[in-house]
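Here the structure comes first, spelled out in structure tokens, and everything after it is commentary.
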Amino acid sequence: MLAFTLVLSATNGTVLAEEAPKHVENLIIGTTTANNTFNMTGQRDAFGRMNYNGLTQGNFVYRDTNGDLQPYFFRTFEVSEDGTVLDFTWHKGAMWHDGQPVTDEDIIFTFEFMRDVKKVGSLSSLEKIEIIGKNAARLTFTEPVVYYWLNTSCMNTACVYAKHIWEGVEDYANRMGMEAAIGCGPYKLTSYDLDSQTSYYEAVPENAFLGEITVDKVTIQTYADQATLMMAMVNGECDAYYNYANPVDATLIESFIGIDGIDIGQSDFSGSYQMLFGCSRSPGDDIDFRQAIAYAIDYPTVATAICGKYGRIANRGVLNPAIKGFDETIGMLEYNAEKAKAMLDEAGYVDSDGDGWREFKDGTVMDLTVIPQYSSKMEVRMRIGEIVCTSLKNIGVNCHIDEEAIVNGEIWEDRVTKEEYDISITFCTSGVAAYSTPFRYLLAELREGRGWCWGSFHNPILKEAFYNMTEAINDEQYLKNSLILQRLADEEMFALTLAWQTSFFPYRTDKYDGWDNWASWGVVHAETWFELTAK
Amino acid sequence: MLRHVLKKTLIAVATIWIIITISFILVHTMPGEPIIFLIGEEEYYYLLDKDPAYLEQLINKYGLNDSLNVQYVRYMESVIKLDFGESYYNHRPVIENFKMAAKWTLMLSIPTLLISSILGAVLGVYAGIHPGGRFDRIATPFFLALKTIPSNCLSLLLLILFAYKLRWVPINGMVSPGVEGMDRVMSILHHMVLPISILIVFRTSGGFMLMKSTVSQIRNEEYVLTARSKGIGKRKVLFRHVLKNAMVPYSTSLCMQLGGLLSGAMIVEVVFGWRGMGQMMYNAVSRRDFATAQFCFLLSAVCVVLSNLLGDIVNAAIDPRIREEVPLSE
Amino acid sequence: MNKKKRRPNTATIFGLIIIGFFVVVALLAEYIAPYDPSALGTAYLPPSAEHLLGTNDLGQDIFSELVFGTRVSLVIGIFSALAVTLIGTVLALTSGYYGGWWDRLVAAITDITMAIPSLPLTMLLIAYLQSGMFSLIIAMSVTAWTGTTRILRSRVKQICEQPYIKIEKTLGVRTPVILFKHILPNLKDILLTRMALSVSGAMMTESGLSFLGLGTFGQKSWGNILHFAFFRNSILRKQVWWYLPPIICISISVLGFMLVGYYGQQRAK
């Protein structure tokens, strides 16, 4: 009957208003995060990460492909001019997965829980939570942090919490039963298999936040690694790849280009590797030195090392095109060893004692310390470190990698916090890039309180513009300060991005329609549940 | 006899206690903030930035701030109560993780032990009886060569050949998703083929070498020659004298392998994505998962000590002389 | 008495040839390798006249990497074996000769160390030490000395039972003389073969550790080359020239040491 209607409408050339889209019976999403924990208060494992897309949870808002906040559980939301009041309405009829309805009490409980029990920092100045109408509420803060809170928490367990499940629970992060997974999102967790690392979800039509839910069931399957996952996708065993901040490796994707029915899901990646100069000591404190070195790094090789043939040379402004506020007028970086040598000669860093290496201006021996950021997956960082060292040595600057810091996280953190490096290589994840931008990694001092601080460029403009940007009360202020930061980086060259990367989130094209590939995110996102249809 | 057993038991208990203490010290003084691994790098830096109070709370909760002594006493207390704590990684009791991982490792190690011990013994005896013969000349270099390829290389090579190129076996993992009942069993067997083949090959070559050298050495010993010269038939000599004596080092080696049943071959498990004890240990050490890592060390110590004990008893049973001969190859 | 008199010689010689070959390559690495292994270039090139084995992900010549890697792998293997043999000999000599509480202590420590799983222990130790060849050697030696010690100790004990040793003891001959002039030479054969086996064991462990990503970062051993080849999915991309040569080198060199160790051992009996 459905097919008949579709055929009719096709031959008519008109689209019937009530033409029902063909539902996807079971969408199988492949991932490489473990399928072990199902607790909605945290972001652990496949379950937690998938909830960035509002799978089982009623996230208040989500960030769309343009970086704008869109309502999800909220039907509408409005930030006051001065940034201290948030008015919002939400969907009526929303239901918890255990059958109970979402009530006003749940809303009030959610914010109290987040502020008092979870102690979310940005909610500390939340003063009043009041219900102002049917499915409408207002939050009043003592500081203008609404824009900031929305942006930093939007896909981060900022969702409705069930009062009847979480009230009085102190150790919420370790709760284990099925009730810890209950939410009011469009899908509910029905079962999981720890041995085969699979979890199963079913649509809950009452929670159709963005329109009709067109995907009836979802299965999340964890694979041991990306290669296995891709093979499974080629076999038709899974339909799409999703992994937070972890696109398929460029060297792996090459083997899967041109295969029938697979789209490699290419897009600009917002994460990036940065190279920071140690600006609090010689020679990093000399702008002439920094500008010279900016020409010395073998960017083409770095780009290939990071991203295969999809890597591109970056510009001088630190941000990349996938990040909100990117300024395209800033000039590109250039690899020109001869120019670098000439600039160093002019700046006074010459080989005065004939040993083949350049010395400081006063003749003392120069041997720069290069520190790649410590992490459990060091390979790419070490390769970049090698390229940087070889590039520097090629123009006569002696350098070495700090062997202690690369195997010991404590030592590494100690060194970078104390600014004991000449060159530091860090990685900005796509998550941080989405709002705080890579400039977070370049801060040399924090405004107050604890926190990590790995930069060394002590400059009031950098600090002020960064905080003005992240604590902006509206879009305009955010963009204005982002521009200031990029221009500062171009002029002062205290850090640079080593390459612009491409991300790959592949998916099958033969069974379903309506895939929408979001830059740096892929095809699995908050809108997928309402847009994907079967062919 | 009783005193002997008692003494050995006391030594065993002391050994286990020393190993627990050493592994505790090693694991806890390892560099690297365990809290980072506990909650994940990104979440750690995120919390450090936005919510340091909560971070402090977590650190206190896991008692990571307490002095080593306090932590040690607490740990010993819990061990005696057989409470091994929670894994830092998935917050499930270590025992639960262990049961799951052990099940999969045993699926590999028990068949390996059975098949390789019989295969190694049979082949080794045959080669030992006819040293220099045709079989020996082929088998010895063959097994020797097999032993020299590092396990990770051999695993990779076989993986490439059978999984990627020929597609005979799946690339990774232990079971295909979504299958039940008999299909599930078949799927598991299918996934098992490669890792178990490699393990059997390695164990058999070890057993083969051992048995062969023991048998050929014994054959030339005086009492055997004496027996032969007495006119006792070849067969009888073989079974009564040679084999019985050859069984001593071989069964010792078998008992030691029993101790390794639960350890899991780390590299093979990592390469094939087999989520057994080997991978669990590897992950625990890499992720500074104190609770799990200590448990693995403890378990391994207990197993080895128990199997040594068993080996001693078996030795005493087979050969009342209890010679101190040490096996030639490991 | 040993019926296989002819074959061990051929096998041992074969092993010695292999070892000799790699030692020569390691010593003359600068002259054999066509490129500086750290020089960057175009990445992922297949084998050609300019690059015999193609280039890796940084454009470095794989053949040159392999040649210089010989040095690293051999150094790690040989020095680990030296350390292990030294520790083993000292412990075996003293505990076998003196006996008593020292002997029991050594036996106890050996048993305990053997009970701790070696690969995880090595992983733990590496986490403590700086990265680099030296730390790797130390970490591996700490777990590998037990086998050698046990075998040497039992042999020393056997020798000490010999009448002439007992006579010397009662005659009051000085201990160092007995140890070094009489006992040690009798251990020569078994020492050499244990050393050869230790080298092969150390090289295998090192390749395993590098494969897991725990090896040295600065110097590139064969295991390291293999690690990056695997990391960059060279298997899927059919870059046989990248992942196969290190495997072959590791296997053949380990075989060489094993041959010397095993067949040499046969001769010693």
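Throughout, read-outs are computed from the coordinates displayed, never taken from laboratory work. If you're wondering where the values come from, they're calculated on a predicted model, not measured in any experiment. Neighbour counts are summed over all protein chains in view; Cβ atoms, including those assigned to glycine, are modelled from backbone coordinates with ideal geometry.
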Write down, largest first, the equivalent ellipsoid semi-axes of segment C:86-132 in whole Å, where each equals the square root of 5 times an eigenvalue of the alpha-carbon gyration tensor. 27, 13, 7
Based on the Kirkwood radius over alpha-carbon pairs, what is the Stokes-Einstein translational diffusion coefficient of the protein assembly as shown at 20 °C with 1.002 mPa s viscosity, in µm²/s? 65
Segment A:134-248: relative contact order in percent, alpha carbon pairs under 8 Å with at least 6 residues between: 14
Relative to 2.2 N^0.38 Å, what does the C-alpha radius of gyration of segment A:446-535 come to as a ratio? Two decimals please. 1.61
Lys and Arg at +1, Asp and Glu at -1: add these up for the other residues within a Cβ distance under 13 Å of C:Ser64 and post the number. -3
Hull surface over four for the Cα convex hull of segment C:197-269, reported in nm², is 5.2
For segment A:151-310, alpha-carbon Rg and Dmax in angstrom: 22.8, 63
Non-local residues with an amide H under 5 Å from the amide H of A:Leu368, with H modelled 1.01 Å from N and Pro and chain starts lacking one, are A:Asn398, A:Cys399, A:His400
Burial ordering of A:Asp351, A:Asp45, fewest other beta-carbon atoms within 10 Å first: A:Asp351, A:Asp45
So how many Å³ per residue does the convex hull of the Cα atoms of segment A:29-141 work out to? 138
If each residue's Cβ is checked for other Cβ atoms within 10 Å, how do A:Ile387, A:Ile257, C:Ile87 rank with the fewest at the top? A:Ile257, C:Ile87, A:Ile387
Can you give the net charge of the other residues whose Cβ lies under 15 Å from the Cβ of A:Ala314, counting K and R as +1 and D and E as -1? -4
Helix A:379-394 vs. chain A, principal-axis angle (Cα, 0 to 90°, nearest 10): 20
Here the averaged projected area of chain C, based on the convex hull of its alpha-carbon atoms and given in nm², is 17.3
Would you calculate the convex hull of the Cα atoms in chain A and tell me its volume per residue in Å³? 173
Normalise the Debye intensity by I(0) for segment B:70-171, one equal point scatterer per Cα, no solvent, then take log10 at q = 0.10, 0.16, 0.20, 0.25 Å⁻¹ and round to two decimals. -0.60, -0.95, -1.11, -1.23
By the gyration tensor of its Cα atoms, with a ≥ b ≥ c the square roots of the eigenvalues, what is the shape of segment C:1-140: rounded for a/c under 1.5, prolate for a/b over b/c, or oblate? oblate
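Please report, largest first and rounded to whole Å, the three semi-axes of the ellipsoid equivalent to segment A:485-535, where each semi-axis is the square root of five times an eigenvalue of the C-alpha gyration tensor.
Gyration-tensor ellipsoid for segment A:485-535: 38, 12, 6 Å.
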Can you give the angle from 0 to 90° between the axis of helix A:337-347 and the longest principal axis of chain A, with both taken from C-alpha atoms, to the nearest 10? 60
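Return a whole-number percent for the relative contact order of chain A, with Cα pairs under 8 Å and 6 or more residues apart as the contact set.
Relative contact order comes out at 20 percent.
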Short to long, in 10 Å steps from zero, the percent of alpha-carbon pairs of segment A:287-410 per bin is 12, 35, 34, 16, 1
The answer for the net charge of residues other than A:Phe439 whose Cβ lies under 15 angstrom from its Cβ, with Lys and Arg +1 and Asp and Glu -1, is -1
In Å and from the alpha-carbon atoms only, list the Rg and Dmax of segment A:267-328. 13.4, 39
Report the dimensions of segment A:250-298 along its three principal axes from the alpha-carbon atoms, largest first, rounded to Å. 55, 19, 14
Excluding residues fewer than 8 positions from B:Lys8 in its own chain, the lysines with Cα under 28 Å of it are B:Lys81, B:Lys244, C:Lys157
Mind running the shape call on segment A:91-133? Use the C-alpha gyration tensor, a ≥ b ≥ c as the square roots of the eigenvalues: rounded below 1.5 for a/c, prolate if a/b tops b/c, oblate otherwise. oblate
Under the helix-only model (-39500 (n - 2.57) for each DSSP H run of 4 or more, divided by the residues of chain A), the mean residue ellipticity at 222 nm, to 500 deg cm²/dmol, is -7500 deg cm²/dmol
Could you please rank A:Asp260, A:Asp345, placing first whichever residue has the fewest other Cβ atoms within 10 Å of its Cβ? A:Asp260, A:Asp345
In square nanometres, what is the average projected area of the Cα convex hull of segment A:374-505? 9.8
Below 8 Å, C-alpha to C-alpha, sequence gap of six or more: please give me the relative contact order for segment C:193-245 in percent. 23
Pairing the Cα long axis of helix C:118-128 with the longest principal axis of chain C, what angle in degrees results, from 0 to 90 and rounded to the nearest 10? 70
Can you compute log10 of I(q)/I(0) for segment C:114-269 with the Debye formula, treating each Cα as one identical point scatterer, at q = 0.19 Å⁻¹? -1.15
